[in-house]
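The values are calculated or read from the model by the stated rules, or taken from the named source; none is laboratory data. Because the structure is predicted, anything quoted here is derived from the model rather than measured. Reconstructed Cβ throughout: ideal geometry from the backbone, glycine too, with neighbour counts over all protein chains shown. Only protein heavy atoms, including side chains, enter the accessible area calculation; ligands, DNA and RNA are left aside. Shrake-Rupley method; radii C 1.70, N 1.55, O 1.52, S 1.80 Å.
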Amino acid sequence: MKFVNTVKNIWAIEDLRSRLLVTLAFAAIYRFGSFIVLPGINPERLTALREQTNEGLMSLLNMFSGGAFSNASVFALGIMPYISASIVIQLLALAVPYFQKMQREGESGRRKINQYTRYLTIGILMFQAPFYLLNLHVQSAGAIVAPWTMFLVSSTIILAAGSMFILWVGERITDRGIGNGVSLIIMLGIIARLPQAFGQEVVSRFTGLTGGGLVTFLIEIIVLFGVILASILLVQGVRKVPVQYAQRMVRGQQVGGARQYIPLKLFAANVMPIIFAQAIMFVPATLAGLFSKGNATTGIAMLLSDYTSLPYNCIFALLIVAFTYFYTAITMNPVQMAEDIKRNNGFIPGVRPGKDTADYLDDIMSHLTLPGSVFLAFIACMPALAGLLDVKPEFAHFFGGTSLLILVGVVLDTLQQIESHLLMRHYDGLLSSGRIRGRGGVSAY
């Protein structure tokens with residue numbers, strides 16, 4: 001009854017109902033486009049491309065695109081080029097003074113940064129699209145029925161336009177729908193592969209291909225729910241440090257003696273370290289295709305491109321820990337935080353303002369980052385552990401890694417927005433106990 005009443009309350013709010021319908025409409029458009037094959041391709045001859053994306057790192061690319069990659073769809077490159085461009089611009093904003101100045105310009109600066117991000121996205125697409133088509137030409141040569149030169153030029157333009165259209169859809173969802181549009185598109189791509197992966201795992205367990213039967217399958221489901229709960233804790237993890245504000249002026253009114261908190265996140269970097277580390281781990285797979293078979297370099301590259309191998313997971317885990325420290329250091333600036341506390345006439349009890357406060361906050365973040373990075377690396381390597389236990393590769397990806405963390409984070413953020421609409425109009429929230437917390441770890445009141 002609680003769920004039914006909540007659905008009725010959601011439908012009763014006109015603005016929320018409209019936003020949900022807009023989100024569903026754009027989601028349907030995106031999923032429909034992932035099945036539209038590029039002109040000049042015979043879809044019945046894409047067997048080799050689909051086999052290439054069944055396992056290994058290529059399966060991750062196919063998962064993030066919702067199967068459009070293996071379908072040679074107009075949306076084959078998905079939203080990932082925009083994500084790559086956003087990461088590059090974000091790093092430039094931390095290192096290049098010109099971009100730092102734009103960040104401080106407020107809304108006009110953000111518009112300029114978004115414009116540069118789109119330009120860079122187009123540049124990445126013009127580079128990635130021909131390589132995707134060349135791979136398609138090698139893997140499924142008989143699938144291309146159009147003249148190669150004309151097909152290469154036209155399909156590059158179509159793939160670039162398809163990715164930019166997906167970006168436009170994501171922005172429309174953000175403006176008129178519920179949740180972050182780009183994140184929702186990534187989540188749709190991931191979750192679209194879940195029914196097929198689940199079905200393959202059921203068939204595999206109950207037909208004797210991998211064995212185990214009902215008991216093993218139930219253990220898998222229990223472990224999967226355990227990893228999901230751990231991921232929820234990871235996404236919501238927060239550590240709060242009390243700061244006593246002795247005196248603070250707010251709109252001319254004096255407020256003193258109130259205990260405030262600085263939210264220091266246990267996982268301040270979120271899933272970004274996994275994304276960075278995974279991007280680097282794509283390099284061995286690329287090298288494996290450049291060298292001839294039998295070459296020693298090819299053997300090492302193939303070993304490092306196998307997500308279930310020990311060398312791959314050791315290097316992957318070390319990269320995640322290193323990138324967690326790096327990303328935390330550039331996003332949680334203790335010097336800036338100390339200055340903000342001092343500017344508001346605040347202080348941490350027993351700690352001098354200025355450099356001592358910055359050192360104190362830096363020490364706390366260092367102690368928080370180590371367990372957070374190790375736990376993040378463990379969650380990221382869970383698909384490899386599942387693969388070693390004969391879980392099908394498609395289903396194993398849902399046992400951890402970027403895909404599961406994105407799913408958990410996006411679902412929590414979307415539910416948080418829905419609950420905010422309900423509470424703002426004096427309806428009960430989605431949960432009877434507590435409040436849903438998004439990635440920031442702050443209760444949605």
Hull surface over four for the Cα convex hull of the stretch 107-207, reported in nm², is 9.9 nm²
Taking a ≥ b ≥ c as the square roots of the eigenvalues of the Cα gyration tensor, with a/c under 1.5 meaning rounded and otherwise prolate when a/b exceeds b/c and oblate if not, the stretch 34-190 is prolate
Shape call for the stretch 1-117, from the Cα gyration tensor axes a ≥ b ≥ c (a/c under 1.5 means rounded, otherwise prolate when a/b beats b/c, else oblate), comes out oblate
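Expressed as a rounded percentage, what relative contact order does the stretch 333-411 have, with Cα pairs under 8 Å and six or more residues apart?
Working: 46 pairs, mean separation 15.6, N = 79.
Relative contact order, the stretch 333-411: 20 percent.
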Expressed as a whole-number percentage, the relative contact order of the stretch 1-126 with C-alpha contacts under 8 angstrom and at least six residues apart is 17 percent
Here, L423 and E51, labelled 7 Å along Cα→Cβ, have an inter-label distance in nm of 5.4 nm
PRE zone check, label point 7 Å out along Cα-to-Cβ of S18, amide N under 12 Å, scope the stretch 158-188, hits 176-177
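For N5 and F32, FRET efficiency with R0 = 41 Å and r from the beta-carbon atoms, rounded to 0.05?
0.80
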In order over the stretch 331-347: 3J(HN,Hα) from phi, Karplus 6.51/-1.76/1.60, θ = phi - 60°, whole Hz, x for each Gly or Pro, gives 9, 10, 7, x, 5, 5, 5, 5, 5, 5, 4, 5, 5, 8, 6, x, 7
Scoring the stretch 46-111 by relative contact order with C-alpha pairs under 8 Å, at least six apart, yields a percentage of 16 percent
Under a 1.4 Å probe, counting only protein heavy atoms, L214 has an accessible area in Å², nearest 10, of 100 Å²
Once all protein chains are kept in place, I10 shows an accessible area at probe 1.4 Å, nearest 10 Å², of 30 Å²
Expected field for R110, accessible surface area in Å² at 1.4 Å probe radius, rounded to 10, holds 120 Å²
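Whenever you get a sec, line up E107, E14 from highest to lowest accessible area (probe 1.4 Å, protein heavy atoms).
Numbers: E107 100, E14 135 Å².
Output order, biggest surface exposure first: E14, E107.
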Sorted list, accessible surface of protein heavy atoms, 1.4 Å probe, largest first, for C314, C381 is C314, C381
Rounded to one decimal in nm, the spacing of the 7 Å Cα→Cβ label points at I221 and Y98 is 5.7 nm
Taking a crude spin-label model, label points 7 Å out from Cα along the C-beta direction, the C314 to I157 distance in nm is 5.1 nm
